[in-house]
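Where a number appears in this text, it was derived from the coordinates with a stated rule and is not lab data. Quantities reported herein were computed from a predicted structural model and do not represent experimental measurements. Because the Cβ atoms are built from the backbone with ideal geometry, glycine has one as well, and the counts that use them run over all protein chains shown.
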Amino acid sequence: MSNTITQTAERRLTRQEVVARYPDVPRLVIIKTDVRLRGVHYTDAALGSVDPAIHQVRGRTLFGTRDGQLKPLPSSVLLKDGTLILPDPTPIEKNPYIIDLVDGQLALFDNGEFLEFLELTLKPRYYDLVTTSGIPMKEIVTARPQRLDLTASSYCHFGTKGNLCRYCNINSHNKQQVKEGVGKSRYKPQEISETIREALKEPGRFSFIHITGGSVLAGDEVFDKELDIYIETLQAIGENFATKKFPADVTTSAFNERQLRRLNEETGVMAYTSDLEVLNEEKFNWICPGKADAIGYKEWKRRLVAAVDIFGRGYVGTGIVAGVELARPFGYTSEEDALNATLDEAEYLAERGVTTWSSPWSVRPGSDLEDQTGPSLEYCVRVARGLNQLRKKYGLIIDFNDYRRCGNHPDTDLSRIN
């Protein structure tokens, strides 16, 4: 069967049809991808089984959910193969997947069809502790099953100039969290160091640390202040390790070579990511106006390639929001054209040692594109297949962003079966 995408505006392939059409992609990865696209809704029975004293629930986050609410819902669920889903609570009228309770177990349903049983993530021990300054540690460092997450800054300064990426709701979500008392935009180095120290006391629980945040434009050169924040954060984390380097990566703005060398030499970080979001200059300029004005597509891409000389081949990456390049009115009108353009640019980067991974576009309230329709499931599956094939072709590792350490990218889930 041809691999040409057959979607039309009136007819998209169902999940079952996508599973049949792409037998090389595990069914559970396809389910995960579709759950990311459509979101989830919990029944009252399901919510009644979630115990915040035992299970890990959502706390401070960088981006808001599709229901626009701050509720202590599960932060992650696991399928039977260990595939991680970061569930996005979504209004029932938008046709999300349903999580219900069946014989005392959480279960995933799609329009009444039972798909799989789910497991909840257990709460880390440090979630019940506070720092010496009285801050709950769970506000400072959140967790995935095997990863610790820190937000260096929860406000993006591109938004100050009205140039926030069009799919993003980071600033409206930050405002909502601050208003409702869910954490702060930044924390002190001592608070970070204390929290990491306590988290690492749980033997075998965590294998990686990830730090990200909104862009900060201030400094003698653009992003100098942002760089200082990451260095300060990483140095605080590093106080808890005996070795100079430790298992951590960052997702930052596109630092220049001087800034990258400082990041590498003054901290223990092992891998570097800077997200292009869209792999086409024309679409990038429209969807990411702040990034386009501050650096530009060609220079952002050049800096990624330059980072390979500093961090090493396979230890530099960029993330894309799969499907946002199809947004109206200036996006691609053909999913096939969008796929070909995306994979062509991803191959250019892969040849030069930069790994690309994808997150399916989740249309979120508070973003410029909140009234649009996201991409098809088939499109996101083909993006994931293509990116995984490029990593295989060019021998690029995904160890610091695989299904254990991240779990947010369907294409990196595929690396475990090769």
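For the chain, the mean residue ellipticity at 222 nm estimated from helices alone is -10000 deg cm²/dmol, where every DSSP H run of n ≥ 4 contributes -39500 (n - 2.57) and the total is divided by all residues, rounded to the nearest 500. Here region 250-328 and region 110-148 have alpha carbon centers that stand 29 Å from each other.
For region 125-269, what value does the Rg/Rh ratio take when both radii are computed over Cα atoms and Rh is the Kirkwood radius, given to two decimals?
Details: Rg = 15.4 Å, Rh = 15.9 Å.
Radius of gyration relative to Kirkwood radius: 0.96.
Modelled this way, with points 7 Å down the Cα-to-C-beta line, the labels at Gln235 and Asn111 are 5.7 nm from one another. Length available on full extension from Asn340 to Arg262: 0.36 nm per residue minus the Cα-Cα distance, which gives 24.5 nm.
In summary, the lysines within cross-link reach of Lys298, defined as a Cα separation below 17 angstrom excluding same-chain residues under 8 places away, comprise Lys283.
First select every other residue whose beta carbon is under 12 angstrom from the beta carbon of Gly162; then total the charges, Lys and Arg +1, Asp and Glu -1. Provide the component values of the computation, followed by the final result.
Values: positive: Lys161, Arg166; negative: Asp293, Asp368.
Summing Lys/Arg as +1 and Asp/Glu as -1 gives 0.
Here the gap between Thr333 and Thr132, fully extended at 0.36 nm per residue and compared with their Cα-Cα distance, gives a gain of 66.9 nm. Here region 125-269 is treated with +1 on each Lys and Arg Cβ and -1 on each Asp and Glu Cβ, and its dipole about the Cα centre works out to around 380 debye.
Sorting 309-318, 104-113 by their mean Cβ neighbour count within 10 Å, with the most densely packed peptide first, gives 309-318, 104-113.
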